[in-house]
Protein chains: 2
Amino acid sequence: MQISSDVLSHGGRQLVVTHDSAATATPMTFSLFLPPQAEQGKVPLVTYLSGLTCTHANVTDKGEYRRSCAELGLAFLAPDTSPRGDGVADEEGWDIGLGAGFYVDATEAPWSTHYRMWSYVTKELPALVAAEFPALDLDRQAITGHSMGGHGALTVALRHPARFRSVSAFAPIVAPSQVPWGEKAFSRYLGENRDAWSAHDAVALIASGDRLPALKVDVGGADPFLERELRPELLEEACRAAGQPLELAVRAGYDHSYHFVSTFMADHLQWHARHLG
Amino acid sequence: MQISSDVLSHGGRQLVVTHDSAATATPMTFSLFLPPQAEQGKVPLVTYLSGLTCTHANVTDKGEYRRSCAELGLAFLAPDTSPRGDGVADEEGWDIGLGAGFYVDATEAPWSTHYRMWSYVTKELPALVAAEFPALDLDRQAITGHSMGGHGALTVALRHPARFRSVSAFAPIVAPSQVPWGEKAFSRYLGENRDAWSAHDAVALIASGDRLPALKVDVGGADPFLERELRPELLEEACRAAGQPLELAVRAGYDHSYHFVSTFMADHLQWHARHLG
């Protein structure tokens, strides 16, 4: 593990860390913000999964989370969205391959060699940060994410029901099996047999009985991907049918960018902090 | 004038605008945040001048000013740091030429053709935004900046004493005539006759009798440029000798990056808002 950057910010430490990942068999980079409270004791951890084309850097630069995390005493962990480097498969288009790991363990060649983001974000990364940063209280965790990362946050939380006290998402892909981005990615990474897809589809998981603790979702009313890729109404219907509580808000006029994410970041972090105690 | 981006952010509008500048004889790009209050009436304007290597985009992405500006009802204007494009002189090194205009009107060849940032930020840009954005109240203005842009903010305000109600800076170059960055830039842009330099040197201007309304300066205690390039003690001495009030704070542990700027941005904006009424 190599700390490439460790900068005082809003009273806490903004770290950027690179390590050799066993899950992806590549170096992986993540950012971790430790709030000032981490100097005195254990702090809860919010994991943020990023969207298509992003690295750890997008939310680290533009997410505007540090002020709230410092006020609330929250650590904030932001991994990359795919393996990268020599020999990592890619394909033309920004919605597949590099920057588009979709938080699955690929089973199909050539992706299966390195695209193991599910194992990375659910097992290897939490174990690594728990070992290396003892101030993190992994008994108090929340998860959130943006777009493809909202999909990741929902599915990771649905399949780890004891791990997170609260789950939120900004403009998430809620039903990847039913939308073009997800169909393209899952057919490449998981193959054409759609039975394998449902384990990575939040709407399908909720329909099959999985549940979330507390759930908050915001989408932008002017998001150009709203109707074709995000389809929050499918989540709303699945939650209603399943009796899963959901706080969903459509924010009029907001788009899909980090202007939307940063505007509502403080709301989400305050909400998570209430659940994290 | 062409608005290349107009995005809802924190309840206001984050604009990016490109126009043909008469001052620099190039296209110039700036960002302008209009807070939600600009929909109802006039709002005060805070101009932010950026540092070496930056464009409008650095503070727009990483400055974390929008939340405070939206709360306080402040517009926030961020110009570029130099002319750019075909035929614009440059020289090797990031402290001269592109991204390093130093907010002067160059008098020496080859710089004098386009490097006219003084005229741009003091005359052309304020006139343009006043004409194009009638919600801006140019009778209530503040100015701030970072590093080279802190130098710009101080010198622009010292030479326009009736224009700004408050002036602040993050890690400013306060005495360019006495430090390597300034000596290099001024000798190229203004020539070897140092008499021409003092009109662009905050410490020299204060010593010669110019004054500022309210003045707030923060510097990072771990800023690697503190002792050689920034030298806040020279500003402190000049202000003390001149009876110029100064609120100077050295922020222990902070570096020269946008982590420092964004940490103290809310403080500066709240302070400006108090002076702007």
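For the protein assembly as shown, give the magnitude of the charge dipole about the Cα centre (Cβ charges: +1 Lys/Arg, -1 Asp/Glu; no others), in debye to the nearest 20.
Around 1400 debye, computed over the protein assembly as shown.
Per-residue HN-Hα couplings for the stretch B:66-81, Karplus 6.51 cos²θ - 1.76 cosθ + 1.60 at θ = phi - 60°, whole Hz, x for Gly and Pro?
5, 4, 5, 4, 5, 5, 9, x, 10, 7, 9, 10, 10, x, 6, 9
For the stretch B:57-62, just list the computed ³J(HN,Hα) in residue order, Karplus coefficients 6.51, -1.76 and 1.60, θ = phi - 60°, integers in Hz, with x standing in for Gly and Pro.
Computed from phi, the couplings for the stretch B:57-62 are 6, 4, 6, 5, 7, 10 Hz.
Using amide H atoms built in the peptide plane, which far-off residues or other-chain residues are under 5 Å from A:T26 H to H?
It is A:S21, by chain and number.
Counting only protein heavy atoms and rolling a 1.4 Å probe, how much accessible area do A and B lose on contact, total for both sides, in Å² to 100?
The buried area between A and B, both sides summed, comes to about 1900 Å².
Considering every residue in A:256-269, what mean count of other chain Cβ atoms within 10 Å of its Cβ is obtained? If you can, show how the numbers build up before the last one.
Values: counts 0, 5, 3, 9, 3, 0, 6, 8, 1, 1, 2, 0, 0, 0.
Mean shielding by partner chains, rounded to a whole number: 3.
What do you get for Rg/Rh over chain B if you use C-alpha atoms and the Kirkwood form of Rh?
0.94
Ignoring everything except DSSP H segments at least 4 long, calculate the 222 nm mean residue ellipticity for chain B; use -39,500 (n - 2.57) per segment, divide by total residues, nearest 500.
Calculated at 222 nm, the ellipticity per residue is -8500 deg cm²/dmol.
Which of A:L154, A:H275, A:A171 sits closest to the plus end of the dipole of the stretch A:145-277, meaning its Cα is farthest towards the positive end, when Lys and Arg get +1 and Asp and Glu get -1 on the C-beta?
It is A:H275, whose Cα lies furthest towards the positive end.
Among the lysines in chain B, how many pairs, 8 or more places apart or on different chains, have alpha carbons under 26 Å apart?
Within chain B, the lysine pair count is 5.
What residues have an amide H closer than 5 Å to that of B:D137, excluding those fewer than 5 places away on the same chain, when H is modeled at 1.01 Å from N in the peptide plane?
B:V43, B:L45
What whole-number value in Å² describes the accessible area per residue of the stretch A:14-114 for a 1.4 Å probe?
Per-residue value: 33 Å².
Filter the GluC sites (Glu not before Pro) in the stretch B:174-277 down to the DSSP loop ones having no more than 15 other Cβ atoms within 10 Å, then list what survives.
B:E192
Who wins for biggest fluctuation among A:L128, A:L158, A:L32 in a Gaussian network model of chain A, springs between alpha carbons below 10 Å?
Looking only at A:L128, A:L158, A:L32, the largest GNM fluctuation is found for A:L128.
The values are calculated or read from the model by the stated rules, or taken from the named source; none is laboratory data. All of these numbers come straight from a predicted model, not from anything done at the bench. So basically every Cβ, Gly included, is an ideal-geometry build from the backbone, and we count neighbours across all protein chains shown. Surface accessibility is based on the protein's heavy atoms, side chains included, excluding ligands, DNA and RNA. Shrake-Rupley method; radii C 1.70, N 1.55, O 1.52, S 1.80 Å.
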